[in-house]
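Structure, as structure tokens:
The values are calculated or read from the model by the stated rules, or taken from the named source; none is laboratory data. Quick caveat, the model's predicted, so the values are computed rather than measured. Positions of Cβ are backbone-derived with ideal geometry, glycine not excepted, and every protein chain shown enters the neighbour counts.
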Amino acid sequence: MKTNPLWWQKGIIYQIYPRSYQDSNNDGIGDLPGIRQRLDYLQSLNIDAIWLSPIYPSPMHDFGYDVADYVDINPLFGTMADFDALLADTHARGLKLIIDLVPNHTSDEHAWFQESRSSRDNPKRDWYIWRDPAPDGGPPNNWLSFFGGPAWTFDDKTGQYYLHQFVTQQPELNYRHPDVLPAMLDVMRFWLDKGVDGFRVDVIWLMMKDAALRDEPPNPDWNGVEPYQSLNHIYTQNLPEVHDLIRQMRTVLDEYDERMMVGEIYLPYDQLMTYYGEELDECHLPFNFHLIQAKWRAQTIRQLVDSYEDALPEGAWPNWVLGNHDQHRIATRVGLAQARVANMLLLTLRGTPTSYYGEEIGMEDGRIPPEYIQDPPAVNQPEIAHIIGRDPERTPMQWDDSAHAGFTAETAVPWLPVAENYTNRNVSAQDDDPTSMLSFYRALTALRRSEPALNVGHYTAVDHDNNDVLAYVRSASGRTFMIVLNFTGEPQEVSITGYGEKAPITLATHMQRRGSVTLPQFTLAPNEGLILQI
């Protein structure tokens with residue numbers, strides 16, 4: 001069991017996409033005062049920290065991930081005074097506030113880049129990655145953008161190409177220049193001095209690139225669909241030098257009390273673990289996205305969890321994620337009934353869970369008509385927009401059955417269409433229904449908060465005879481719970497020995513189920529998960 005756990009180890013992180021949570025000024029875009037209006041609701045979820053996707057000034061070519069000023073607030077979202085008020089009210093409720101940090105790239109409108117592109121001899125020229133054209137006049141190498149096309153754009157004024165792994169308007173910072181990291185560390189200090197409790201660091205594993213800009217080799221396993229996947233990105237991702245940058249970022253965090261850093265990293269477990277640092281001096285939590293990427297089968301998830309637990313460095317704290325602003329929603333991926341099972345899994349595994357807004361009510365991907373598509377990779381590559389587009393998981397929060405789901409005024413036009421099922425799948429409809437997804441989520445989070453066994457206890461996999469059922473035990477301070485999850489829409493009989501003859505049901509996904517189960521053999525209903533006290 002984890003002794004003396006910190007808030008980010010025992011608590012739940014809840015991600016808000018600010019554009020989509022609550023619009024307070026009826027312009028169709030969510031904002032900071034809107035989030036502040038919903039703090040009572042957020043507190044009712046028994047979460048511990050709110051993570052905000054980017055709120056910086058930005059021309060919004062990538063919806064805030066193209067940062068034009070790291071130390072201000074985008075007027076779309078409010079003012080710095082609005083941020084200060086939100087931070088103060090969040091802390092007054094005993095909640096923490098985490099913000100996005102985007103150190104890999106800026107907007108092309110950022111003052112640093114404006115200087116950099118002004119001339120080849122500007123002092124900030126090498127704050128970004130500039131290179132002469134290839135002999136044929138084309139890009140310097142074969143590197144590709146995540147969002148389609150080459151990762152290079154030609155600048156007519158200075159006659160060189162600059163690097164961008166995302167949209168053209170997101171030039172990449174050059175962390176081989178000695179002044180760039182200190183400037184970013186000062187950005188961190190600005191927000192830490194304000195009192196933010198941590199950072200989610202965008203694409204942290206991409207911050208260093210090959211100094212020689214070598215061509216990347218072809219990917220022999222490419223499926224022929226997403227062009228970006230046609231290369232093995234060995235010179236733009238996961239370079240060894242990135243760890244020194246992260247250690248220096250961690251040193252800044254450690255100058256403050258109980259601040260934390262979550263790193264966005266899509267890597268296999270063996271590589272992901274290196275981002276804790278050899279001395280656990282890098283990311284507090286390298287994001288573990290493997291639940292999102294895995295096939296939704298009991299045995300697959302069992303192997304995934306066990307592999308992760310085995311791979312963790314000694315003393316490292318685990319974490320789990322079901323969804324985020326870049327991935328299709330869990331209720332869309334596995335179905336609404338299994339979404340309850342998925343939430344029970346997320347909130348009872350060992351480690352810090354991150355929950356995406358709307359998962360608590362079973363929100364699904366919205367349907368985005370072609371004329372409403374806004375996400376850059378989908379706009380740039382319309383032929384595969386249905387695969388790579390991220391608009392569907394970013395639709396407005398569904399508060400009630402009024403126009404636009406209560407997200408904005410009836411007379412306003414929301415920035416993305418509200419999902420069609422909002423009239424019956426919304427907070428208001430579920431608030432007073434004791435069997436709703438929202439009531440289940442609140443019961444689950446309240447149980448997790450009240451039981452050390454579930455928030456910091458040991459994890460032990462449970463062997464049994466049914467490959468469609470996942471079972472494991474969490475224990476601490478003399479209390480033990482067994483979690484048993486049916487990953488199918490059919491009844492499943494399971495036999496579990498060694499845990500006595502009867503186990504009271506503490507919580508069920510089918511909330512009307514009470515009483516106990518008789519061991520060793522019992523039956524799970526379709527799509528049912530149980531938390532048993534043993």
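Here is how the numbers come out for the structure above:
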{"quantity": "Given (1) farther than 16 Å from S20 by Cβ; (2) without any contact (Cβ under 8 Å) to a residue 24 or more places away in the chain; (3) not aliphatic (A, V, I, L, M), index of the condition H404 fails", "calculated": "(1)"}
{"quantity": "Residue ID - surrounded by the fewest Cβ atoms within 10 Å (Cβ to Cβ), chosen from residues in segment 237-252 that are touching a helix residue (DSSP H, G or I) at 6+ places or on another chain (Cβ under 7 Å) and polar (S, T, N, Q)", "calculated": "Q248"}
{"quantity": "Filter result for P75 (crowded, with 23+ Cβ neighbours inside 10 Å and either within 18 Å of the chain's Cα centre (by Cα) or free of Cβ contacts under 8 Å to residues at least 60 places away in the same chain (or both))", "calculated": "no"}
{"quantity": "Subset tally (residues that are in a loop (DSSP other than H, G, I, E, B) and in contact (Cβ under 8 Å) with a residue 40 or more places away in the chain) for segment 4-23", "calculated": "8"}
{"quantity": "Pairs, first in contact (Cβ under 8 Å) with a residue 12 or more places away in the chain in segment 420-438, second of a type in the set (S, T, Y) and part of a loop (DSSP other than H, G, I, E, B), C-beta under 8 Å, six or more apart", "calculated": "A429/S436; Q430/S436"}
{"quantity": "Options P150, P178: the member that is more than 19 Å from P377 (Cα to Cα) and out of contact with any helix residue (DSSP H, G or I) (no Cβ under 8 Å at 6 or more places or on another chain)", "calculated": "P178"}
{"quantity": "From A378, A412, residue being in the same structural domain as N26 (by TED's automatic domain parsing) and surrounded by fewer than 18 Cβ atoms within 10 Å (Cβ to Cβ)", "calculated": "A412"}
{"quantity": "Condition met for Y56 (hydroxyl-bearing (S, T, Y) and in contact (Cβ under 8 Å) with a residue 60 or more places away in the chain)", "calculated": "no"}
{"quantity": "Selection status of L285, under 21 Å from the mean Cα position of the chain (by Cα) and either of a type in the set (S, T, Y) or modelled with pLDDT of 95 or more (or both)", "calculated": "yes"}
{"quantity": "Top-ranked residue in segment 201-236 [being touching a helix residue (DSSP H, G or I) at 6+ places or on another chain (Cβ under 7 Å) and within 13 Å of S145 (Cβ to Cβ); ranked as surrounded by the fewest Cβ atoms within 10 Å (Cβ to Cβ)]", "calculated": "E226"}
{"quantity": "Set R442, R448: member being crowded, with 21+ Cβ neighbours inside 10 Å and among the charged types (D, E, K, R)", "calculated": "R448"}
{"quantity": "Wholly enclosed helices (runs of 4 or more DSSP H) of segment 369-473 bearing at least 1 residues modelled with pLDDT under 95", "calculated": "376-380, 385-388"}
{"quantity": "Scan of segment 413-436 for residues that are touching a helix residue (DSSP H, G or I) at 6+ places or on another chain (Cβ under 7 Å) and not β-branched (V, I, T), ordered by number", "calculated": "P414, W415, L416, P417, Y422, R425, N426, Q430, D431, D433, S436"}
{"quantity": "Matching residues in segment 306-325 - criterion: being in contact with a strand residue (DSSP E or B) (Cβ under 9 Å, 6 or more places away or on another chain), in a loop (DSSP other than H, G, I, E, B) and without any contact (Cβ under 8 Å) to a residue 40 or more places away in the chain", "calculated": "P318, L322"}
{"quantity": "Residue match in segment 207-223 (condition: part of a helix (DSSP H, G or I) and either out of contact with any Asp or Glu (no Cβ under 8 Å at 6 or more places or on another chain) or more than 27 Å from I384 (Cβ to Cβ) (or both))", "calculated": "no"}
{"quantity": "Test: residue in segment 84-94 that is more than 14 Å from M184 (Cα to Cα), surrounded by 22 or more Cβ atoms within 10 Å (Cβ to Cβ) and among the small types (G, A, S)", "calculated": "no"}
{"quantity": "Residues satisfying the stated conditions in segment 297-319, i.e. within 21 Å of A331 (Cα to Cα) and surrounded by 16 or more Cβ atoms within 10 Å (Cβ to Cβ)", "calculated": "A298, I301, R302, L304, V305, N319"}
